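Have a look at the structure below, then the notes.
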Amino acid sequence: MKKLVVAIFALVVIGLLLVIMVAVAGWNYNHLVTLSQAVDSQWAQVQNVYQRRADLIPNLVATVSGAANFEKSTLTEITAARASVGQVKLDPNAAPTDPAKLAAFDQAQGQLSSALSRLLVVVERYPELKATENFQELQAQLEGTENRIAVERRDFNSAVQAYDTAIKSFPAVFYASALGFQYKPYFSATPGAETPPKVQFDFNKPAAATNP
């Protein structure tokens, strides 16, 4: 009788332990799903703000190209950079798990940022554009978009950090990969990335001298 009681007690303890383990595993799985979806949601936000910038560029190019003698090479460069961004195909609704693909996306966006910066520097030589209402509106929209890009990239990296930390922590580290929870890469930090870039148009600068 005593042995039977001990056996029943042991089974009850084992059963309780199994229930606890299943409950913990279930909670942890749901937690990982929540974190993964947060990363995907933030990735969609990143894509949205980059697409917003891409959508502004044709209007910007059309506006500045109306200025007399505007440098055609600058317009060609930014148009080509925008086209290169479009060639990097990533799922807008799911954050990439391949660091190389994210790096390619980031590089293409960086080239577009550089081309856009050079375009805006050239624009400073054409003060007559300041009086254009369309250009003033584009200036405000570009400023806002560049700020949002910096903010959304930062928030994306924060979401990825929380997710990557979770899949490497106990007990998820033992089964996260088997359940499809893969490591997700960050955007690489760049000098000054903590400060949103400023889009400035200094029309008080004297026009650049040109050779006769």
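The values are calculated or read from the model by the stated rules, or taken from the named source; none is laboratory data. Computed from a predicted structure; not experimentally measured. Note that each Cβ is placed from the backbone with ideal geometry, even for glycine, and that neighbours are counted across all protein chains shown. Surface accessibility is based on the protein's heavy atoms, side chains included, excluding ligands, DNA and RNA. Shrake-Rupley method; radii C 1.70, N 1.55, O 1.52, S 1.80 Å.
Please name whichever of Val13, Ser114, Leu75 sits farthest to the positive end of the charge dipole of the chain, dipole taken about the Cα centre and charges placed at Cβ: Lys and Arg +1, Asp and Glu -1. The one lying farthest along the dipole's positive direction is Val13.
Computed with every protein chain present, the accessible area of Leu75 is close to 20 Å² [probe 1.4 Å].
Between Leu179 and Asp91, the FRET efficiency estimated from the beta carbon spacing at R0 = 25 angstrom works out to 0.80. Among the lysines of the chain, pairs that are 8 or more positions apart or on different chains and have alpha carbons within less than 30 Å of each other number 15. Counting only DSSP H runs of at least 4 residues, each contributing -39500 (n - 2.57), and dividing by the residue count of the chain, the helix-based mean residue ellipticity at 222 nm comes to -24000 deg cm²/dmol.
In the set (1) 24, 21, 14; (2) 40, 20, 15; (3) 56, 14, 12, the label that goes with semi-axes √(5λ) of the Cα gyration tensor in Å computed for this structure is (3).
Accessible surface calculations at 1.4 Å, restricted to protein heavy atoms, place the chain at 61 Å² per residue. Give the carbon-plus-sulfur fraction of the accessible surface of the chain in %, rounded to a whole number; probe 1.4 Å, heavy atoms of protein chains only. The computed percentage sits at 59.
Comparing Tyr126, Ala23, Pro96 along the charge dipole axis of the chain, the residue lying farthest to the positive side is Ala23, per the Cβ-charge model.
Only helices reaching 30 angstrom along their own axis (Cα) with mean Kyte-Doolittle hydropathy no lower than 0.0 count here, and for the DSSP H runs of the chain these are 2-64, 99-123.
Ligands, DNA and RNA excluded, the heavy atoms of Arg154 present near 140 Å² of accessible surface to a 1.4 Å solvent probe. About its Cα centre, the chain has a charge dipole of approximately 780 debye under the convention of +1 per Lys or Arg Cβ and -1 per Asp or Glu Cβ, with nothing else charged.
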